[in-house]
Amino acid sequence: MLGLKLPTDPRWVNLAEKSIEEILTDHAYCEQKAASTCIALIQLYPDKDYLVERLTPVVSEEWAHFRMVLAELKKRNLHLGFQRKDEYVNLLSKFAIKGGKSEDRFLDKMLMSALIEARSCERFRLLSEGISDTSLKDFYRKLMIAEAQHYTMFLDIANKYLDKAKVKSRWEEWLNHEADIIQSLDIRGDRVH
């Protein structure tokens with residue numbers, strides 16, 4: 001469904017389970033960054049009504065997810081740690097077009113956001129299936145569904161404003177690049193990505 005070219009190494013769930021405080025902390029910041037990204041996109045493209053309409057409720061939803069992750073930390077008497085560098089997102093950012101046509105930059109912003117949501121969805125599915133904590137299994141199952149909707153939403157926005165063939169072609173490039181990134185990164189259980 002997600003089209004990811006390289007699945008997450010199955011050992012990732014076992015590592016994440018050993019680092020619950022760290023994975024929840026990283027997850028909290030991922031939700032905060034997702035809300036911030038949607039706000040930034042609305043600010044960049046206020047003239048794109050469809051984008052504004054689709055992203056506005058997602059800001060609230062992502063912030064609600066942030067609060068839900070904080071509640072999971074508190075329930076376990078754990079604490080929100082400091083935000084760490086997200087190597088995965090930084091490597092993805094390097095692939096995005098920086099100059100050139102504004103529509104190409106717009107497309108890459110949508111596709112990068114879709115890809116981050118798709119990878120998050122895949123990781124949440126793995127947690128919902130493989131983690132031993134039944135409460136967290138349910139928690140990640142619900143979030144997996146939300147992330148899948150966000151992933152498709154960004155693709156829908158791109159297709160609304162741009163040629164579908166161009167979107168599809170560039171999406172394939174992003175998927176291949178993302179697979180190379182996943183292959184190059186160490187398996188870390190203290191990070192969502």
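None of the figures in this text is laboratory data; all of them are computed from the coordinates on show. Source: prediction; values computed, not measured. Positions of Cβ are generated from backbone atoms using ideal geometry, with glycine treated the same way; all protein chains shown enter the neighbour counts.
How high is the FRET efficiency from Thr134 to Gln83, r the C-beta distance, R0 30 Å, rounded to 0.05? Please list the in-between numbers first.
Working: r = 28 Å, r/R0 = 0.95.
Taking R0 as 30 Å, the efficiency between Thr134 and Gln83 is 0.60.
Taking the Cα centre as origin and putting +1 on Lys and Arg beta-carbons and -1 on Asp and Glu beta-carbons, what dipole magnitude results for segment 136-193, to the nearest 20 debye?
Working: 10 positive and 10 negative charges, 53 e Å.
So the magnitude is around 260 debye.
What list of ³J(HN,Hα) couplings, whole Hz, do you get for segment 143-148 from phi and the Karplus terms 6.51, -1.76, 1.60, once you set θ to phi - 60° and write x for glycine and proline?
So the Karplus estimates, Gly and Pro as x, are 5, 4, 5, 4, 5, 5 Hz.
Taking R0 as 22 Å, what FRET efficiency do you get between Asn159 and Val52 from their Cβ-Cβ distance, rounded to the nearest 0.05? Walk me through the numbers on the way to the answer.
Values: r = 16 Å, r/R0 = 0.75.
It comes out at approximately 0.85.
Sum up the charges of everything whose Cβ sits under 9 Å from the Cβ of Ile131, counting Lys and Arg as +1 and Asp and Glu as -1, but leave Ile131 out. Provide the component values of the computation, followed by the final result.
Details: positive: Lys137; negative: Glu17, Glu129, Asp133.
Local net charge: -2.
Would you mind working out the magnitude of the charge dipole of the chain relative to its Cα centre, with +1 at each Lys and Arg C-beta and -1 at each Asp and Glu C-beta, to the nearest 20 Debye? Could you put the intermediate results ahead of the total?
Details: 30 positive and 31 negative charges, 17 e Å.
Here the size comes out at about 80 debye.
How big is the equivalent ellipsoid of the chain along its three axes, where each semi-axis is √(5λ) from the Cα gyration tensor, reported in whole Å from largest to smallest?
On the way: eigenvalues 158, 70, 41 Å².
Whole-Å semi-axes of the equivalent ellipsoid: 28, 19, 14.
Among the listed pairs Lys98/Lys142; Lys74/Lys109; Lys33/Lys98; Lys75/Lys109, give every one whose C-alpha distance is greater than 25 Å. List each step's numbers first, then the result.
Working: Lys98/Lys142 35 Å; Lys74/Lys109 34 Å; Lys33/Lys98 20 Å; Lys75/Lys109 35 Å.
Correct reply: Lys98/Lys142; Lys74/Lys109; Lys75/Lys109.
Rounded to the nearest 500, what is the chain's calculated 222 nm mean residue ellipticity when only DSSP H runs of at least 4 contribute -39500 (n - 2.57) each, over all residues? Spell out each step's value before the answer.
Working: 7 runs with 146 residues, N = 193.
The per-residue figure over the chain is -26000 deg cm²/dmol.
For segment 103-111, what does the Karplus curve 6.51 cos²θ - 1.76 cosθ + 1.60, with θ = phi - 60°, yield as ³J(HN,Hα) per residue in whole Hz, taken in order and with x for Gly and Pro?
Values per residue, Gly and Pro as x: 5, 5, 5, 4, 4, 5, 5, 5, 6 Hz.
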